[in-house]
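Asker: Sending over a structure as structure tokens; questions will come in a sec.
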Amino acid sequence: MNQLQELIQQLKSYIPFHEQANADVSKSPVGWHLQHTLLTINQIIGNLKKSDPSTYRWKFSFVKLIVFTTNKIPRGKAKSPNVVVPKNAITEASITEELIKAIASIKELDTLQANHYFPHPIFGNLKLKPTIKFLAIHTNHHTAIIKDILKNGQSA
């Protein structure tokens with residue numbers, strides 16, 4: 001969980017660059033990646049909290065095996081679910097608001113049981129620990145994209 005808290009601080013450091021874009025790297029600017037990543041954290045932790053640990057069921061997923069083994073999500077291969085696609089204007093204030101929610105959500109992970117789970121659309125049900133690992137992989141994925149945008153980014 002410390003890793004997630006460190007990743008959140010890293011995301012926070014990119015907020016001033018939210019308008020930076022580089023179409024060669026991503027069709028979305030830095031702010032979109034920040035907002036999407038924070039929405040994902042908040043949405044997933046919300047689902048974890050609402051889950052009933054007694055209804056958890058495991059299902060094999062080859063894609064999950066690859067992603068969790070390599071700790072990488074291939075770029076451009078998956079489409080974000082609508083619930084975690086930013087819909088409103090992305091501003092420093094809106095990103096900061098999601099960031100504050102994410103910090104609070106991450107702290108709540110300590111209160112959950114090991115069998116609380118998140119129903120991932122591709123990986124199937126992920127228990128608490130694998131969900132935390134997925135959140136770190138997902139956040140690292142978008143952080144790498146942000147770094148690449150900023151390497152040669154131009155103003156949006």
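Asker: Within the range 12-54, count every residue that is among the small types (Gly, Ala, Ser), more than 18 Å from PRO130 (Cα to Cα) and part of a helix (DSSP H, G or I).
Answerer: 2
Asker: Can you find, within the range 99-112, the residue that is surrounded by the most Cβ atoms within 10 Å (Cβ to Cβ) among those that are under 23 Å from SER13 (Cβ atoms) and in contact (Cβ under 8 Å) with a residue 12 or more places away in the chain?
Answerer: Of everything passing the filter in the range 99-112, ALA102 is surrounded by the most Cβ atoms within 10 Å (Cβ to Cβ).
Asker: From the list THR69, THR96, THR55, THR91, pick out the single residue that is over 19 Å from HIS142 (Cα atoms), surrounded by fewer than 16 Cβ atoms within 10 Å (Cβ to Cβ) and not charged (D, E, K, R).
Answerer: Just a single option satisfies the conditions, and that option is THR55.
Asker: Among the numbered criteria (1) closer than 17 Å to ILE122 by Cβ; (2) at pLDDT 95 or above; (3) part of a helix (DSSP H, G or I), which single criterion is violated by VAL83?
Answerer: In the conditions (1) closer than 17 Å to ILE122 by Cβ; (2) at pLDDT 95 or above; (3) part of a helix (DSSP H, G or I), VAL83 misses (2) alone.
Asker: Another question about this same structure. Which condition does PHE62 not pass, out of (1) in contact (Cβ under 8 Å) with a residue 60 or more places away in the chain; (2) among the hydrophobic types (A, V, I, L, M, F, W, C); (3) exposed (fewer than 11 other Cβ atoms within 10 Å of the Cβ), if it passes all the others?
Answerer: Of the numbered conditions (1) in contact (Cβ under 8 Å) with a residue 60 or more places away in the chain; (2) among the hydrophobic types (A, V, I, L, M, F, W, C); (3) exposed (fewer than 11 other Cβ atoms within 10 Å of the Cβ), the odd one out for PHE62 is (1).
Asker: Within the range 56-81, work out how many residues are touching a strand residue (DSSP E or B) at 6+ places or on another chain (Cβ under 8 Å) and of a type in the set (Ser, Thr, Tyr).
Answerer: So the count comes out to 2.
Asker: Touching a residue at least 60 places away in the same chain (Cβ under 8 Å) and either assigned to a helix (DSSP H, G or I) or over 24 Å from VAL67 (Cβ atoms) (or both): is that true of ILE132 in this structure?
Answerer: yes
Asker: Among (1) part of a helix (DSSP H, G or I); (2) closer than 23 Å to LYS72 by Cα; (3) under 14 Å from the mean Cα position of the chain (by Cα), which single condition is LEU150 missing?
Answerer: (3)
Asker: Inside the range 88-129, can you point out the residues that are part of a helix (DSSP H, G or I) and of a type in the set (Gly, Ala, Ser)?
Answerer: ALA93, SER94, ALA102, ALA104, SER105, listed by residue number.
Asker: Working only within the range 31-54, note down all residues that are more than 12 Å from the chain's Cα centre (by Cα) and closer than 21 Å to GLN5 by Cβ.
Answerer: Selection gives GLY46, ASN47, LEU48, LYS49.
The values are calculated or read from the model by the stated rules, or taken from the named source; none is laboratory data. In this text, all values refer to a predicted model and were calculated from it rather than measured experimentally. Cβ sites come from the backbone with ideal geometry, for glycine too, and all protein chains shown count toward neighbours.
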